[in-house]
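The values are calculated or read from the model by the stated rules, or taken from the named source; none is laboratory data. Given the structure is predicted, the values throughout are model-derived calculations rather than measurements. All Cβ positions, glycine included, derive from the backbone under ideal geometry; neighbour counts span all protein chains shown.
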Amino acid sequence: MKNKIVIIGGGISGLSLAYHLESMKAQDYVLLEAHDKAGGLCGSYNINGFTFDYGGHLLHLSSKYALKLIQKLLNKNVAIHKRKAFVYIYGKELPFPFQNNLYGLDDNIISECVKTALTAYKDKSTQNITLFKNWAAALYGEGICKHFMFPYNQKLWQTDLNEMTCAWCGEFIPKTTLEDIIKGAYSRRKKDFGYNAHFFYPKTGGCGALCEQLLKKTRNIKYNCEVTEINLKEKTVKINGADIFYDSLVSTMPLKNLGKITTGLTASIKKDFKDLKHNSVYALNIGVSAKTKDAHWYYFPEEKYPFYRVGIQSAFSASLTPENCSSFYIEFAAPAGKKPDFNKLEEQTLKYLLELGFIKEDIKILVKNWVEIPVAYVIYDTKYENARSNIIDYLKNNNIYTLGRYGSWEYSFMEKSLLDGAALAEKLIRK
């Protein structure tokens, strides 16, 4: 069997590509999904009336086309929210982002953060700085880095921060100025910071509602088709023991995994694949029999808390839970492939949720479910840029295109997956 375009993976990126190919009247493609349903990590699932996502998935839209597309796909089934996010640190709840909302901390911590921010402002510029720790210290000062920036990112990335570059920061760390730091240290701010100050979310169906709408426009999808081998020379992918030929192959599977199943790679490219690193994330989804705090999510930089973020899923939409109930997603990071003790983490988590006021002693835990994301955050270390660039160029020369957060091996968000799918569809049609 031969197709002009073969797409690996029916997550949001693969579905966006297929959707846009269909909209351009191009049907000589096949989308291969390893599981029995589409959506991938942007899907949703239901347990006993609770709808959960695979961790926190929100729509942050900045382009006119993406906004138009979301409105077309979800129609009236979408709402916009103003972010209610906090940093829980030293027993206090501070508005996110930390660096712009120091007000409420102990005076000695505020003084340390402001003084070192002033010193950083006088002494350094972030231009030509490549390492994350140097970049952060130059931008925020040692105090903000000591209390939040370094411990939180260590907990999230689970790697040596001395080896990480600042190439990932971009939109993901809210920009700030010295004036913002000082004003936020001595008064409560109302100013919004960051790319996610507002976000969109489906009214019903969870994040997966978007993938469901993309799927309705996708005809040529085959389920339970895990690709076990890619042959560069023959231009084939193997599924269930059979070969499928392609002119162009588009992979949304994690780039590092792609390297493991591809034959015919050069020695230097094999080495580049080995240089790709990532962490793993495990999310505990919980449904409880009571209402909880009126917020969207909390960051936890302190080491004593095993989780780095607690999200309140039910705050995104009342339809996600039965009446008078709440739901949470609690996220833990670990080095690649290192599974934690789930029973221990559950016990610790419930204890802390009680101490922190997320739940009360008389509530009932109605649902507990773990989600495992073996490849979660791509690590931007000093080898990342060269290795990734070499691999992607090499694959393109062999008519293989990478797409999506994991396929393209980058830290990105759903809007980019949608837009990149659209752009690649147009490129393949013109090829």
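What to note about this one:
- Applying a threshold of 8 Å to beta carbon distances and a minimum spacing of six or more residues, or different chains, the list of pairs starting in the range 148-173 at a residue that is farther than 10 Å from Lys133 by Cα and ending at one that is among the aromatic types (Phe, Trp, Tyr) and modelled with pLDDT under 95 reads Cys169/Trp135; Glu171/Tyr195; Phe172/Tyr195.
- Phe300 falls short of the stated requirement of being touching a residue at least 40 places away in the same chain (Cβ under 8 Å), out of contact with any helix residue (DSSP H, G or I) (no Cβ under 9 Å at 6 or more places or on another chain) and among the hydrophobic types (A, V, I, L, M, F, W, C).
- Only one of the listed residues (Lys383, Lys368) is closer than 26 Å to Gly170 by Cα, surrounded by fewer than 18 Cβ atoms within 10 Å (Cβ to Cβ), modelled with pLDDT of 95 or more and among the basic types (Lys, Arg). That residue is Lys383.
- When Phe328 is tested against (1) closer than 24 Å to Glu212 by Cα; (2) assigned by TED's automatic domain parsing to the domain that holds Leu249, only condition (2) is not met.
- Applying a threshold of 8 Å to beta carbon distances and a minimum spacing of six or more residues, or different chains, the list of pairs starting in the range 367-379 at a residue that is touching a residue at least 60 places away in the same chain (Cβ under 8 Å) and ending at one that is basic (Lys, Arg) and part of a loop (DSSP other than H, G, I, E, B) reads Glu372/Lys339; Val378/Lys277; Ile379/Lys277.
- Annotation: Ser16 fulfils all but one of (1) over 21 Å from the mean Cα position of the chain (by Cα); (2) buried (at least 24 other Cβ atoms within 10 Å of the Cβ); the unmet one is (1).
- Close pairs (9 angstrom Cβ cut-off, 6 or more residues apart or separate chains): exposed (fewer than 13 other Cβ atoms within 10 Å of the Cβ) in the range 322-342, charged (D, E, K, R) and not in a strand (DSSP E or B) anywhere: Asn324/Lys291
- For Lys124, the requirement of being charged (D, E, K, R) and out of contact with any Gly (no Cβ under 8 Å at 6 or more places or on another chain) is met.
- Count - residues of the range 35-64 that are in contact (Cβ under 8 Å) with a residue 60 or more places away in the chain and farther than 27 Å from Pro254 by Cβ: 3
- Looking only at the range 177-207, and only at residues there that are on the phi > 0 side of the Ramachandran plot and at pLDDT 95 or above, the one that is surrounded by the fewest Cβ atoms within 10 Å (Cβ to Cβ): Gly205
- Leading residue by the ranking (surrounded by the most Cβ atoms within 10 Å (Cβ to Cβ)) among those in the range 137-165 that are within 17 Å of the chain's Cα centre (by Cα) and hydrophobic (A, V, I, L, M, F, W, C): Trp157
- Of all residues in the range 262-288 being touching a strand residue (DSSP E or B) at 6+ places or on another chain (Cβ under 8 Å) and surrounded by fewer than 17 Cβ atoms within 10 Å (Cβ to Cβ), the one that is farthest from Glu93 (Cα to Cα): Gly264
- Hits in the range 26-54 - residues which are among the charged types (D, E, K, R), under 27 Å from Lys4 (Cα atoms) and buried (at least 16 other Cβ atoms within 10 Å of the Cβ): Glu33
- Flag: Tyr411 does not match the condition of being farther than 23 Å from Ile230 by Cα and either surrounded by 17 or more Cβ atoms within 10 Å (Cβ to Cβ) or without any contact (Cβ under 8 Å) to a residue 24 or more places away in the chain (or both).
- Qualifying residue in the range 51-65 (condition: of a type outside the set (A, V, I, L, M) and touching a His at 6+ places or on another chain (Cβ under 9 Å)): yes
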